[in-house]
2 protein chains.
Amino acid sequence: MQQKIRMPGMIGEDLLFLTDDQLRRGIEAMFFAYRAFTADPDLILAELDYGRAHHRAVHFINRDPGLTVTSLLAVLGVTKQSLNRVLRTLIEDELVESRVGRRDRRERQLYLTEKGAILERRLSEAQRARMRAAYRNAGPQAVAGFRQVLEAMMDPETRAQYQALKDLPEDRKEPANEQPRRTYSDRR
Amino acid sequence: MQQKIRMPGMIGEDLLFLTDDQLRRGIEAMFFAYRAFTADPDLILAELDYGRAHHRAVHFINRDPGLTVTSLLAVLGVTKQSLNRVLRTLIEDELVESRVGRRDRRERQLYLTEKGAILERRLSEAQRARMRAAYRNAGPQAVAGFRQVLEAMMDPETRAQYQALKDLPEDRKEPANEQPRRTYSDRR
DNA sequence: TTGATAGGGCAGCCTTGTTGACTTTCCAAG
DNA sequence: CTTGGAAAGTCAACAAGGCTGCCCTATCAA
């Protein structure tokens, strides 16, 4: 069950980083850091009467424009109703546009409007600024370790999602598993 | 404002880890990892009709038995009213005991009961198991980097708190800033 | 034509956060 | 011994954002 262990010079001598106390420190670090991590966007969101849920939606729509409601649901891990409430306000406020799917007209493809993109940049720049400072402070090696531990902490399915999303941004490709493009001889 | 930068062989050549894309990856890693991080305790809590707020309270009371409501408030970063609601149910359910402060009888010092300690162990063991697996998987060097980045991400005051809490557990010392113990000739 | 799927709407519930106003307890200083 | 103020707690009201359950429409695929 445990994945292959590949630790340089560690034949049982140096397992001190696995003590309960070290783990507790890591747990508390996660708690405090996550609070800081969300603090800056939260300030901006509050003044606009949005919440974290809006931020998350906007983030992932920006990262993968044209994704469907169902995909977004899967990424966020919430219920349709929960997401819908958020999405409705974003669409009403003209931050997000919902277009009928090309491939399947039942689907809705989500895009940021220019207004939405502006908010997204404002939010993500605030968040990135903190992350950038932390990265710079800790250095590239630490950053690699940081990412490694976070990935190892994810559920396998989430990790797969996370890794798959890695290289999307360039040209918004069709999902790999797409049907061979039927000649949709649709009426209407 | 930026702390002294000490990065080995980096004279502007290798700043690629600071690109917006790398930062975005880090941001998403935080989001997904935090969700996993809370998932295991959440399952246990749900079956007992508690929430994350209860977990956090129990965690910090366990880590620093006898701390006052005000200190706990400061650590958790929520309002008195919010914490109170949670604390009340924990006390009613006899997981937490609230004793009148020795130093200042207005204060309430918080302790886990045996029942509370059992729940705490159950929750934290679930959380530690995941953390342990991630740590083991990533190795000690990565863990060091992980902690470094998380610390760098915290607000300075939070970081100070976090670091101060480091070595408490052993002998539950009086707060360093305590008054020189007046002979409290109290009636009653 | 029909069953399954994508999306959305509505109702209602819960937890956990918030403010604001108020009381009680009780220490410490005048 | 009185009193100001800190610590703790209470009540009321509200909001965000989770959840479930149920129902409806549009659309696709067989």
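Could you list, in sequence order, the residues of the stretch B:39-55 that are surrounded by fewer than 17 Cβ atoms within 10 Å (Cβ to Cβ) and away from DNA strand D (no atom under 12 Å from the Cβ)?
Across the stretch B:39-55, the qualifying residues are B:43, B:44, B:47, B:48, B:49.
May I ask you to list the residues in the stretch B:44-55 that are of a type in the set (A, V, I, L, M, F, W, C) and in contact (Cβ under 8 Å) with a residue 60 or more places away in the chain? Break it down into steps so the answer makes sense when it comes.
Kept after step one, since they are of a type in the set (A, V, I, L, M, F, W, C), are these residues of the stretch B:44-55: B:44-46, B:48, B:53.
The answer is B:44, B:45, B:48.
Any idea which of B:35, B:56, B:102 is outside any helix (DSSP H, G or I) and among the charged types (D, E, K, R)? Before the answer, list the steps.
Numbers: B:35 fails: outside any helix (DSSP H, G or I); B:56 fails: outside any helix (DSSP H, G or I).
Just one listed residue meets the conditions, B:102.
For the stretch B:133-140, does any single residue satisfy the condition of being within 18 Å of residue A:23 (Cβ to Cβ), outside any helix (DSSP H, G or I), away from DNA strand D (no atom under 12 Å from the Cβ) and at pLDDT 95 or above?
Yes, the conditions are met somewhere in the stretch B:133-140.
For the stretch A:147-168, which positions are surrounded by 11 or more Cβ atoms within 10 Å (Cβ to Cβ), more than 8 Å from chain B (Cβ to nearest Cβ) and closer than 25 Å to residue A:134 by Cα?
Hit for the stretch A:147-168 is A:163, nothing else.
Consider residue B:129 against the criteria (1) at pLDDT 95 or above; (2) within 16 Å of DNA strand C (Cβ to nearest atom): it satisfies all of them except one. Which criterion is unmet?
Failing condition for residue B:129: (2).
Would you confirm whether or not the stretch B:85-98 contains a residue that is out of contact with any Gly (no Cβ under 9 Å at 6 or more places or on another chain) and within 14 Å of another protein chain (Cβ to nearest Cβ)?
In the first step, residues of the stretch B:85-98 are kept if they are out of contact with any Gly (no Cβ under 9 Å at 6 or more places or on another chain); the result is B:85, B:87-89, B:91-92, B:98.
Restricting the remaining residues to those that are within 14 Å of another protein chain (Cβ to nearest Cβ) gives none.
For the stretch B:85-98, residues out of contact with any Gly (no Cβ under 9 Å at 6 or more places or on another chain) and within 14 Å of another protein chain (Cβ to nearest Cβ): absent.
Hey, does the stretch B:66-88 have a residue that's on the phi > 0 side of the Ramachandran plot and touching a strand residue (DSSP E or B) at 6+ places or on another chain (Cβ under 9 Å)?
Of the stretch B:66-88, the ones on the phi > 0 side of the Ramachandran plot are B:66, B:77.
Checking which are touching a strand residue (DSSP E or B) at 6+ places or on another chain (Cβ under 9 Å) leaves us with B:66.
So far as the stretch B:66-88 goes, yes, one or more of its residues are on the phi > 0 side of the Ramachandran plot and touching a strand residue (DSSP E or B) at 6+ places or on another chain (Cβ under 9 Å).
Which residue, of B:58, B:75, is farther than 18 Å from residue A:155 by Cβ, surrounded by 17 or more Cβ atoms within 10 Å (Cβ to Cβ), touching a residue at least 24 places away in the same chain (Cβ under 8 Å) and within 12 Å of chain A (Cβ to nearest Cβ)? First the steps, then the outcome.
Details: B:58 fails: within 12 Å of chain A (Cβ to nearest Cβ).
Result: B:75 is the single residue among B:58, B:75 that is farther than 18 Å from residue A:155 by Cβ, surrounded by 17 or more Cβ atoms within 10 Å (Cβ to Cβ), touching a residue at least 24 places away in the same chain (Cβ under 8 Å) and within 12 Å of chain A (Cβ to nearest Cβ).
Please go through (1) closer than 16 Å to residue A:121 by Cα; (2) within 12 Å of DNA strand D (Cβ to nearest atom) for residue A:73 and return the number of the only condition it doesn't satisfy.
Against the list (1) closer than 16 Å to residue A:121 by Cα; (2) within 12 Å of DNA strand D (Cβ to nearest atom), residue A:73 comes up short only on (1).
Determine which member of the set B:42, B:21, B:49 is more than 10 Å from chain A (Cβ to nearest Cβ), at pLDDT 85 or above and closer than 24 Å to residue A:59 by Cβ. Break it down stepwise before answering.
Numbers: B:21 fails: more than 10 Å from chain A (Cβ to nearest Cβ); B:49 fails: closer than 24 Å to residue A:59 by Cβ.
Criteria check complete, one pass: B:42.
The values are calculated or read from the model by the stated rules, or taken from the named source; none is laboratory data. No experiment lies behind these values; they were computed from the predicted model shown. Ideal geometry is used to build each Cβ from the backbone, glycine not excepted, and the neighbour counts take in all protein chains shown.
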